[in-house]
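Colleague: Got a structure for you, questions after.
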C-alpha cells in the first residue's frame, strides 16, 4: 500500500468517539482518526516492514499514522538524525511511548539517546529518554547490571521535574530497572528512598510510588526463568487505546 492508501484506510477505520476518549487521557494531537489498537495491528500485519512507507506516514502528522509508522519502520534503517526528528515531533505521550517501545529501543543507539534525551528541556523528548530506559530494562537481555546502575544517578538528577508526563516516565524507568533482578531492585529501592526524602515534591512522589511497588515485588531468583514484563505507557495496552491517565504510572 502507498502512504495515501494507508491514510485513506486509517480515516475510514477511525472513530470520533475514540478521539474523544483519547482526550480524556491527555492525548489531543491536531490530527487523529481514533483507529483502535487491533485495527492498527491488523494493518501492520498486512504491510509488514516498509521503511519508506513508515517515513511518509510519520511526515503526515496524523496520530494514528505515526503509531503505525513505529511498527513498520525497520530499526536498522532509522538514522540518528531521523530519530531526533521523530522525537522533536512528539505531540503526545502515546506516540512518544509507542515509538520508544516498538522502534527506538531496537536501534543501535538506543542507550545513547536515552541518556542524551534525559537532559533535554522539551517535555516529550525528555520523556522519551526515560521511556527508553524503562523499555530497555524490560527488553535488553544482554545489558549487564552496571549499565542500569549507571542510569540511577540520572534518575535522581532529573526527578525534580514537576511536569506530569516527565515525572511519570522517570518513575516508570526507576520501577522497571528495579524489577529486572534482585540486585537492581535493592539499588532502585535505595535510590527511591533518597528521592522520598527529597525536598522536591516531584522527587518525593517518584520515590514513594516506586518504593510502594518494588517493596511488594519479589523479583526472580538467579537461575529461575524470567517472566517477561509487559508494562507499557498505557498500563500494558497499546498507546493507541489511551487507557492509562497521564501516561505510564
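Colleague: Relative contact order for segment 96-167 using alpha-carbon pairs under 8 Å, separation at least 6, rounded to a whole percent?
Modeller: Over segment 96-167, the number comes to 32 percent.
Colleague: Could you state the principal axis extents of the C-alpha atoms in segment 1-139, from the largest down, to the nearest angstrom?
Modeller: Dimensions of segment 1-139 along the principal axes of its Cα atoms: 40, 32, 25 Å.
Colleague: Just need the relative contact order of the chain here, percent rounded to a whole number, with Cα pairs under 8 Å and 6+ apart.
Modeller: Over the chain, the number comes to 18 percent.
Colleague: Then there's this: Rounded to two decimal places and with Rh computed the Kirkwood way over Cα pairs, what is Rg over Rh for segment 1-73?
Modeller: For segment 1-73, the value is 0.95.
Colleague: Report Rg(Cα)/(2.2 N^0.38 Å) for segment 155-198, keeping two decimals.
Modeller: Values: Rg = 10.3 Å, N = 44, 2.2 N^0.38 = 9.3 Å.
For segment 155-198, the normalised Cα radius of gyration comes out at 1.12.
Colleague: Which angle between 0 and 90 degrees, to the nearest 10, do you get for helix 93-102 versus the longest principal axis of the chain when only C-alpha atoms count?
Modeller: 80
Colleague: I want to verify a result. In a Gaussian network model of the chain, Cα cutoff 10 Å, which of these has the top mean-square fluctuation: 90, 25, 104?
Modeller: Of 90, 25, 104, the Gaussian network model singles out 25 as fluctuating most.
Colleague: Relative to the longest principal axis of the chain, what angle (0 to 90°, nearest 10) does the C-alpha long axis of helix 63-72 take?
Modeller: With both axes taken from Cα atoms, the answer is about 80 degrees.
Colleague: Related question: Normalised by the empirical 2.2 N^0.38 Å for globular proteins, what value does the Cα Rg of the chain take?
Modeller: Relative to the 2.2 N^0.38 Å estimate, the chain comes out at 1.00.
Colleague: To test your reading of the geometry: what angle, between 0 and 90 degrees and rounded to tens, separates the Cα axis of helix 164-178 from the longest principal axis of the chain?
Modeller: Once rounded, the angle reads 60 degrees.
Every number here is computed from the coordinates shown, using simple stated rules; none is lab data. In this text, all values refer to a predicted model and were calculated from it rather than measured experimentally.
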